[in-house]
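Following: one structure in structure tokens, then a few remarks.
The values are calculated or read from the model by the stated rules, or taken from the named source; none is laboratory data. Computed from a predicted model, the values in this text were never measured in an experiment. When we count neighbours, we look across all protein chains shown, and the Cβ atoms used for this are built from the backbone with ideal geometry, even at glycine. Note: accessible area is taken over every heavy atom of the protein model, side chains too, but ligands, DNA and RNA are not part of it. Shrake-Rupley method; radii C 1.70, N 1.55, O 1.52, S 1.80 Å.
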Amino acid sequence: MTPFQTLTARLARSVSLSNQTKHIEFEMKGVPRFGFVAGQWLSLKHTKPDGEEITRAYSIASPPGENNRFALCLNRVQDGFVSNFLCDMKDGDELPAQGPFGDFILRPPLRDTIFIATGTGIAPFRSMLHWLLAEESRHQNKQLWLVFGSRHESDIYYHDEFLSLAAAHPNFHYQPTLSRGAQEWTGLRGYVQEHVAEIVHGRTGMHAYICGLDKMVKANRDLLKGMGCDRKSILYEKYD
């Protein structure tokens with residue numbers, strides 16, 4: 001498939017993850033298999049009533065190899081035309097899609113790796129981690145950490161999935177942290193960078209992948225570089 005080929009994505013399933021967030025699964029029409037690399041994104045288009053065409057980019061939240069399907073994790077955004085349209089789609093609805101695009105992908109050879117995410121920045125890491133942990137030859141028993149920051153417990157998207165992956169793979173360490181956790185929350189608290197330092201301290205040669213809002217990405221990049229991490233080993237993707 002050519003990079004700029006326009007395909008038709010048909011909604012197959014939509015599930016609410018929170019009041020404002022949905023997990024949305026599509027199938028690509030007309031192709032037996034939709035190929036992409038874990039971490040890549042798609043460009044989706046929708047036309048406003050006045051004829052203006054709006055295009056938005058969304059990271060793929062599912063692992064490669066699921067035939068012609070892919071998933072997105074996205075928030076409703078106030079006055080966000082495309083995000084609200086996507087969240088309101090019904091099974092069988094269709095829209096144009098281009099891709100895959102992007103080089104926010106796993107860099108070989110695999111090393112001990114920390115994945116740092118907030119909010120819907122978890123999407124590419126869900127893709128990467130499900131793909132990595134599906135076969136032992138892919139993760140090679142390297143140590144993998146996911147530090148996932150949210151405000152409230154209801155905002156920890158795919159929580160049960162990551163708990164199950166951690167239970168099945170001793171080398172995968174899942175560390176959700178809440179900045180506004182309720183009193184009964186017994187897990188980590190605070191912002192992601194407060195826990196990143198504990199993991200990285202004393203370890204060398206790690207890869208770090210960061211995805212989330214610009215401010216969070218910058219804070220963690222600065223932290224890692226300040227701890228002596230090679231800037232080439234810090235990969236990031238940010239969104240507004």
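Only a single criterion out of (1) of a type in the set (V, I, T); (2) closer than 20 Å to S62 by Cβ; (3) touching a Lys or Arg at 6+ places or on another chain (Cβ under 7 Å) is not satisfied by T120, namely (3).
Residues in region 76-90: is at least one within 17 Å of K22 (Cβ to Cβ), touching a residue at least 60 places away in the same chain (Cβ under 8 Å) and of a type in the set (F, W, Y)? Scanning region 76-90 turns up no residue that is within 17 Å of K22 (Cβ to Cβ), touching a residue at least 60 places away in the same chain (Cβ under 8 Å) and of a type in the set (F, W, Y). List, please: which pairs have Cβ atoms under 7 Å, are six or more places apart or on different chains, and start with a residue in region 26-47 that is on the phi > 0 side of the Ramachandran plot and end with one that is in a strand (DSSP E or B) and open to solvent by 10 Å² or more (accessible area, probe 1.4 Å)? Pairs that qualify, where the first residue is on the phi > 0 side of the Ramachandran plot and the partner is in a strand (DSSP E or B) and open to solvent by 10 Å² or more (accessible area, probe 1.4 Å), are G30/L7; G30/T8.
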